[in-house]
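The following block contains the structure, expressed as structure tokens.
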Amino acid sequence: MNKYSGLIWIVLSQIVLMGVNLLMLKLMTSNLSVESFGVYSLVMTIILFLRQVIYDPISCVVVKECGSKSQVSVPISEGLEIVRFIPDRVLILCIVAAVILFFYDYLVLGSLDLGVIVLFSIMYLFSNGAQGVYLAVLNITSRRGLASIISILDSAFK
């Protein structure tokens with residue numbers, strides 16, 4: 001395989017990601033009210049901050065473990081399995097809390113705005129965070145083509 005194929009895949013995925021993100025930004029700023037765009041921006045800022053706090057340390061551990069084990073062809077340790085369970089348990093607790101908030105918002109307050117925002121935010125946070133960890137593993141194990149394809153598909157589905 002070409003020694004530059006990994007670089008080509010990374011550049012290709014970055015071009016597609018930047019194009020889709022610019023298109024989304026254009027569509028949102030021209031179709032959303034100033035208030036709606038402000039709420040969206042605030043929610044995404046909070047989500048991305050939480051993603052960084054929750055998933056970046058996990059991603060660092062996973063990448064270090066996979067990188068050191070892939071060099072010597074040793075299976076990944078069972079101790080790494082805890083990384084999978086922590087986010088799963090936190091996700092379950094967050095979804096339960098979001099569903100409770102959703103019903104409280106609907107039954108007591110008579111609206112769905114906050115409940116819907118929180119529910120979808122939690123779903124996005126955990127799916128995007130887990131995807132980031134998997135993409136990091138694919139990159140560290142030199143499967144950049146697959147990682148790029150996943151990134152492109154994710155961007156296209158936005």
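Give me a count of the residues in the stretch 1-17 that are surrounded by 13 or more Cβ atoms within 10 Å (Cβ to Cβ) and either in a loop (DSSP other than H, G, I, E, B) or β-branched (Val, Ile, Thr) (or both).
Total meeting the criteria: 3.
Would you check which residues across the stretch 139-152 are out of contact with any Gly (no Cβ under 9 Å at 6 or more places or on another chain) and modelled with pLDDT under 75 and list them?
Listed by number, the list is empty, since nothing qualifies.
Sticking with this structure for a sec: Any idea which of 39, 20, 53 is at pLDDT below 85, part of a helix (DSSP H, G or I) and within 20 Å of residue 125 (Cα to Cα)?
53
Continuing with this model, one more query. Inside the stretch 93-122, can you point out the residues that are open to solvent by 100 Å² or more (accessible area, probe 1.4 Å), more than 18 Å from residue 40 (Cβ to Cβ) and under 23 Å from the mean Cα position of the chain (by Cα)?
Across the stretch 93-122, the qualifying residue is only 93.
What are the residue pairs meeting all of these: first residue in the stretch 12-24, first residue within 16 Å of residue 147 (Cβ to Cβ), second residue open to solvent by 50 Å² or more (accessible area, probe 1.4 Å), Cβ atoms under 9 Å, and 6 or more apart or on different chains?
13/144; 13/149; 13/150; 16/156; 17/154
Failed condition for residue 87, given (1) surrounded by 15 or more Cβ atoms within 10 Å (Cβ to Cβ); (2) more than 21 Å from residue 44 (Cα to Cα); (3) at pLDDT below 70, with all others met?
It is condition (2) that residue 87 fails.
Let me ask something else about it. Answer yes or no as to whether residue 81 is open to solvent by 60 Å² or more (accessible area, probe 1.4 Å), at pLDDT 70 or above and acidic (Asp, Glu).
When the stated conditions are applied, residue 81 does not pass them.
If the requirement is being under 22 Å from residue 135 (Cα atoms) and small (Gly, Ala, Ser), which of these qualifies: 6, 38?
6
Would you mind telling me which numbered condition in (1) within 30 Å of residue 4 (Cα to Cα); (2) in a loop (DSSP other than H, G, I, E, B); (3) at pLDDT 75 or above residue 73 fails?
(3)
The values are calculated or read from the model by the stated rules, or taken from the named source; none is laboratory data. Because the structure is predicted, anything quoted here is derived from the model rather than measured. Using ideal geometry, Cβ is built from the backbone for each residue, glycine included, and neighbour counts are taken over all protein chains shown. Note: areas computed on protein heavy atoms with side chains; ligands, DNA, RNA excluded. Shrake-Rupley method; radii C 1.70, N 1.55, O 1.52, S 1.80 Å.
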